[in-house]
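Just below is one structure, and these are the notes that go with it.
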Amino acid sequence: MGLEVAFQSRELRSTCESPARAKRELGEAAGAALRRHLADLEAVETAAELLEMGLGFEDCARKLGLVRFHLNDDLYLYCEVNHRILPMSGERVDWTKVTRLKVVNVGSGQ
């Protein structure tokens, strides 16, 4: 079944789901990287599996549960945990229990 992926807005969903639009807005390399990352999100059951398959993500210090995936140069795919209650293990997000992510931005390092 894969991670359940939602989008912050319809416009963002359109960019992520249309290869032509992603290429036009982000450039060829970043558009291709975006498609690969989204396919990887849909191929795993939990966010922890992304790390197991070698697709690392960075925790963003500004908000617990917000992560970013490097696309190209200074472009990133930002996602946040999309659970009503953030799955925690102590003071850290328990990525083995994260089954829902929301794409909140595709843009430069923030």
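How big is segment 45-96 along each principal axis, measuring the range of its Cα positions in Å and listing the largest first?
Projected onto its principal axes, the Cα set of segment 45-96 covers 33, 25, 17 Å.
Over segment 12-110, average the accessible area per residue using a 1.4 Å probe and give it in Å², no decimals. Walk me through the numbers before you get to the answer.
Values: 5490 Å² over 99 residues.
Dividing the accessible area of segment 12-110 by its residue count gives 55 Å².
Looking at the chain, what % of its DSSP beta bridges pair antiparallel, to the nearest 5?
Once the DSSP bridges in the chain are tallied, antiparallel ones form about 80 percent.
What number comes out for the charge environment of GLU17, summing +1 per Lys or Arg and -1 per Asp or Glu over other residues with Cβ under 13 Å away? Could you put the intermediate results ahead of the total?
On the way: positive: ARG10, ARG13, ARG21, LYS23, ARG35; negative: GLU11, GLU25, GLU42.
Once positives and negatives cancel, what remains is +2.
Over segment 65-110, what is the mean sequence separation of C-alpha contacts under 8 Å (at least six apart), divided by residue count, expressed as relative contact order in percent? Mind showing how you got there, number by number?
Numbers: 67 pairs, mean separation 19.5, N = 46.
Normalised by residue count, the contact order of segment 65-110 is 42 percent.
With an 8 Å Cα cut-off and a minimum separation of 6 or more residues, compute the relative contact order for the chain in percent. Working shown, then result.
Values: 184 pairs, mean separation 34.9, N = 110.
Once normalised by length, the contact order is 32 percent.
Using a basic spin-label model with each label point 7 Å from the Cα along Cα→Cβ, how many nm lie between SER18 and GLU45?
3.6 nm
Within segment 1-67, which GluC sites (Glu not before Pro) sit in a loop by DSSP and count at most 15 neighbouring Cβ atoms inside 10 Å? Each step should come with its number before you reach the end.
Values: sites: GLU4, GLU11, GLU17, GLU25, GLU28, GLU42, GLU45, GLU49, GLU52, GLU58; in loops: GLU45.
Loop-located and lightly packed - GLU45.
Tell me the net charge near VAL5. Cut-off is 12 Å between Cβ atoms, VAL5 excluded, with +1 for each Lys or Arg and -1 for each Asp or Glu. Mind showing how you got there, number by number?
Values: positive: ARG13, ARG100, LYS102; negative: GLU4, GLU17, ASP40, GLU42, GLU80.
Here the count lands on -2.
What percentage of the solvent-accessible surface of segment 46-106, computed with a 1.4 Å probe over protein heavy atoms, is contributed by carbon and sulfur atoms?
Values: 1560 of 3420 Å².
Here it works out to 46 percent.
Mind checking segment 1-72 for trypsin sites (Lys or Arg not before Pro) that DSSP puts in a loop (not H, G, I, E or B) and that have at most 14 other Cβ atoms within 10 Å? Before the final figure, lay out the partial values.
Working: sites: ARG10, ARG13, ARG21, LYS23, ARG24, ARG35, ARG36, ARG62, LYS63, ARG68; in loops: ARG62, LYS63.
Of the trypsin sites (Lys or Arg not before Pro), the ones in loops of segment 1-72 whose Cβ has at most 14 other Cβ atoms within 10 Å are ARG62, LYS63.
Could you work out how far apart the two model spin labels at ALA29 and ASP94 are, taking each label as a point 7 Å from the Cα in the direction of the beta carbon, and quote it in nm?
With each label placed 7 Å out from Cα toward Cβ, I get 4.0 nm.
Using the Cβ atoms and a cut-off under 9 Å, what net charge is assigned to the surroundings of LEU101, where Lys and Arg are +1 and Asp and Glu are -1?
On the way: positive: ARG100, LYS102; negative: GLU4, GLU80.
Local net charge: 0.
The values are calculated or read from the model by the stated rules, or taken from the named source; none is laboratory data. Remember, predicted model here, so these are calculated numbers, not experimental data. Note that each Cβ is placed from the backbone with ideal geometry, even for glycine, and that neighbours are counted across all protein chains shown. Protein only, heavy atoms only, side chains kept; ligands, DNA and RNA dropped before computing areas. Shrake-Rupley method; radii C 1.70, N 1.55, O 1.52, S 1.80 Å.
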